[in-house]
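Quick notes on the structure that follows.
The values are calculated or read from the model by the stated rules, or taken from the named source; none is laboratory data. Note that the coordinates shown come from a computational prediction; the quantities given were computed from them, not determined experimentally. Positions of Cβ are backbone-derived with ideal geometry, glycine not excepted, and every protein chain shown enters the neighbour counts.
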Amino acid sequence: MATIDLSPHSVATLGQGTTAPLVVGAVPNGVRPWALDLSVGVIADQRHEGCGVTCEGCCEQLVVMLPYRGHFSFHVGREEIVGDPNQVVLLARDDDYRMSSPLSSGHAELVIRPHGPVLADLLESSSRHILTQASFRSGSRRASVRLQTVRARFLHWACRAAPVDQLEADELLIDLLTAALDTDEPPRTAYGPHTARLIRRAKEFLEAELSGPIRLKDVGEAVGASPTYLTDLFRRIEGVPLHQYLTHLRLARALIELPHADDLTGLAFDLGFSSHAHFTAAFRRRFDCTPSQFRQTTRVAAAGRV
C-alpha cells in the first residue's frame, strides 16, 4: 500500500509508491506521471494500478482532485466519497482518509494543492457554495462541462515533450481551479450508508462495463436493488438518470483520448457507442462541437504554446 504525501513539499505518485519530481521547465511526455511546483500551487498527475487500498494519510492542506480515468472511493471518517470523471473530489485540511480502488483497471486523477492566498481569492471572487476555507468540508460535486474540457486540454498540454513556461502554467492552473470550484450546485443532501453503498456500486458497475451495452436490469442485479427503486434513487441523489451519467462518463473519457486518437470510429466503439454517428451526436450535444473539431483545436492550442 502506498502513502500519498499531501504536504507542501512533495507529491507521491501512488501507482508505484514513488515520488515524482516537482519541476518547471520540462514535463514528461505522458509515459509516466508528472508534477509541477508553480507559484500558485502544486499540481500532479497521479495514476494507480490495480484494486485494493491504494493510499491513506492525512491532508495537511486543502486538496482538489480531478479524476479523469477510472473509479475510486475516499473514506473520510464515516463518509465515503466516490471519485470518477464526472466528479470533483475535495479534501479538507486535517482530514484523515483512506483511498481504495474497486476495479483492477485502476484510476488516475489530477491532484491540486492551491496556495492559500490563491484559493482565498478564488473563493471570494465567485459565488461558490464553498464559502470559506474555514467552512470547507471534504466531499464531492459534479464536474461541469467546462471543467471536463479544461481538464482534458490541460492534460494534453502538460504531456507535451516541451519546456514549460512558468507564467503560462500558472495561468492554466488558475483556469483549471476556477472551473473546478465555479458551480451553482447546492450542497448535497446527506444520506445514509445503505444509499451511499447503492450509489457507489452503481457507479462502479457503469465504469467497469463502460465499453459495452448496459441494461438497467443488469445494474439493478449488480447493486442488489430493483430497477424502479434504483432509477428513482440515482436520479434524486445525482440529479441525472443513470443512462445520462453513463453517457457523460463515456464522453469524459473521449475528451482525454481524442487528442491522441486517429481512428474516431474505433474510439467510438471502444467507448460503448453504437456508431461514429452516435458518438458524434452525443459529443456535439454535450460540448457544442464535434469530436474531430475538439481534437483539432486541442492539438493546435498545445502546439501553439510550444
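The figures follow:
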| read-out | value |
| --- | --- |
| Strands (runs of 3 or more DSSP E) fully within segment 31-137 counting 2 or more residues that are β-branched (Val, Ile, Thr), modelled with pLDDT of 85 or more and in the same structural domain as LEU206 (by TED's automatic domain parsing) | none |
| Top-ranked residue in segment 48-68 [being under 20 Å from LEU251 (Cα atoms) and in contact with a Gly (Cβ under 8 Å, 6 or more places away or on another chain); ranked as surrounded by the fewest Cβ atoms within 10 Å (Cβ to Cβ)] | MET65 |
| Criterion (under 18 Å from ILE43 (Cα atoms), hydrophobic (A, V, I, L, M, F, W, C), touching a residue at least 12 places away in the same chain (Cβ under 8 Å) and touching a Cys at 6+ places or on another chain (Cβ under 9 Å)) met by exactly one of ALA92, ALA120 | ALA92 |
| Index of the failed condition, THR149 passing every other in (1) at pLDDT 95 or above; (2) of a type in the set (S, T, N, Q); (3) over 20 Å from the mean Cα position of the chain (by Cα) | (3) |
| Complete set of residues in segment 235-258 that are surrounded by 15 or more Cβ atoms within 10 Å (Cβ to Cβ) and in contact with a Pro (Cβ under 7 Å, 6 or more places away or on another chain) | LEU249, ALA252, ARG253, ALA254, LEU258 |
| Looking only at segment 256-287, and only at residues there that are acidic (Asp, Glu) and under 21 Å from the mean Cα position of the chain (by Cα), the one that is farthest from ASP84 (Cα to Cα) | ASP270 |
| Residue match in segment 272-284 (condition: touching a residue at least 24 places away in the same chain (Cβ under 8 Å), assigned to a helix (DSSP H, G or I), within 30 Å of SER100 (Cβ to Cβ) and outside the structural domain of CYS159 (by TED's automatic domain parsing)) | no |
